[in-house]
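A.B. asks: The following block contains the structure, expressed as structure tokens.
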Amino acid sequence: MVLYRTLDAVMPRFRRIFSEFDLTEQQWRVLRVLWETDHSMIGELSEVTLLPAPSLVGIVDRLEERGLVARQRSTEDRRKVYVLATAAGAALEAQIMPRVASAYADLKQSVDAHTWAAVLAGLRQISAEGGVERSE
């Protein structure tokens, strides 16, 4: 329950930012990955964003309709289709990332440096281990 309470405390600020730019959390996750990489295939995006591939296809469709991402077929293997951020997607990054960075900075300032480092280390360990199957 602590994780749920933490998400309930943290996410509203981020959701407001996403909403101002007419993005869902899932769309944000896709764009964030694409901003950090040149391009990605749906399977890779699914793995990194933790979104099931069938759902991800619809999310990418909606982002493509808005002109924020594009699909590009591989020239070496036509079965491979990459998703990449467009110029409009990159422009959105320039608008939204300063706001998100500010929200992260405020969140980080809410605890002392030692606690912040411990929280990040603990979360990384939990996610690397795939979660814990017991109740805490």
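A.B. asks: Does the range 82-102 contain at least one residue that is among the acidic types (Asp, Glu) and more than 23 Å from Tyr4 (Cβ to Cβ)?
C.D. replies: Looking for residues that are among the acidic types (Asp, Glu) and more than 23 Å from Tyr4 (Cβ to Cβ), one finds at least one in the range 82-102, hence yes.
A.B. asks: Are any of the residues in the range 78-100 at pLDDT below 95, among the β-branched types (Val, Ile, Thr) and over 23 Å from Ser127 (Cβ atoms)?
C.D. replies: yes
A.B. asks: OK, next. Taking the condition surrounded by 12 or more Cβ atoms within 10 Å (Cβ to Cβ), more than 16 Å from the chain's Cα centre (by Cα) and β-branched (Val, Ile, Thr), does Thr49 pass?
C.D. replies: no
A.B. asks: Counting only residues that are in contact (Cβ under 8 Å) with a residue 24 or more places away in the chain, give me the helices (runs of 4 or more DSSP H) lying completely in the range 17-136 with at least 1 of them.
C.D. replies: 25-36, 42-49, 53-65, 87-109
A.B. asks: Criterion first (over 15 Å from the mean Cα position of the chain (by Cα), within 24 Å of Ala128 (Cα to Cα) and either assigned to a loop (DSSP other than H, G, I, E, B) or of a type outside the set (Asp, Glu) (or both)) does Arg5 satisfy it?
C.D. replies: Yes: the conditions hold for Arg5.
A.B. asks: I'd like the residue in the range 23-46 that is surrounded by 17 or more Cβ atoms within 10 Å (Cβ to Cβ) and among the small types (Gly, Ala, Ser) and, out of all such residues, is nearest to Arg71 (Cα to Cα).
C.D. replies: Among residues in the range 23-46 that are surrounded by 17 or more Cβ atoms within 10 Å (Cβ to Cβ) and among the small types (Gly, Ala, Ser), the one nearest to Arg71 (Cα to Cα) is Ser40.
A.B. asks: Within the range 73-125, can you find the residues that are β-branched (Val, Ile, Thr) and either surrounded by 13 or more Cβ atoms within 10 Å (Cβ to Cβ) or under 18 Å from the mean Cα position of the chain (by Cα) (or both)?
C.D. replies: Those that are β-branched (Val, Ile, Thr) and either surrounded by 13 or more Cβ atoms within 10 Å (Cβ to Cβ) or under 18 Å from the mean Cα position of the chain (by Cα) (or both): Val81, Val83, Thr86, Ile96, Val100, Val119.
A.B. asks: May I ask you to list pairs of residues, at least six apart or on different chains, whose Cβ atoms are under 8 Å apart, with the first in the range 1-13 being surrounded by fewer than 10 Cβ atoms within 10 Å (Cβ to Cβ) and the second being modelled with pLDDT under 90?
C.D. replies: Here the result reads Val2/Glu136, each pair linking the range 1-13 to a residue that is modelled with pLDDT under 90.
The values are calculated or read from the model by the stated rules, or taken from the named source; none is laboratory data. What you see is a predicted model; the values in this text were computed from it and never measured. Don't worry about glycine lacking a Cβ; one is built from the backbone with ideal geometry, like all the others, and counts go over all protein chains shown.
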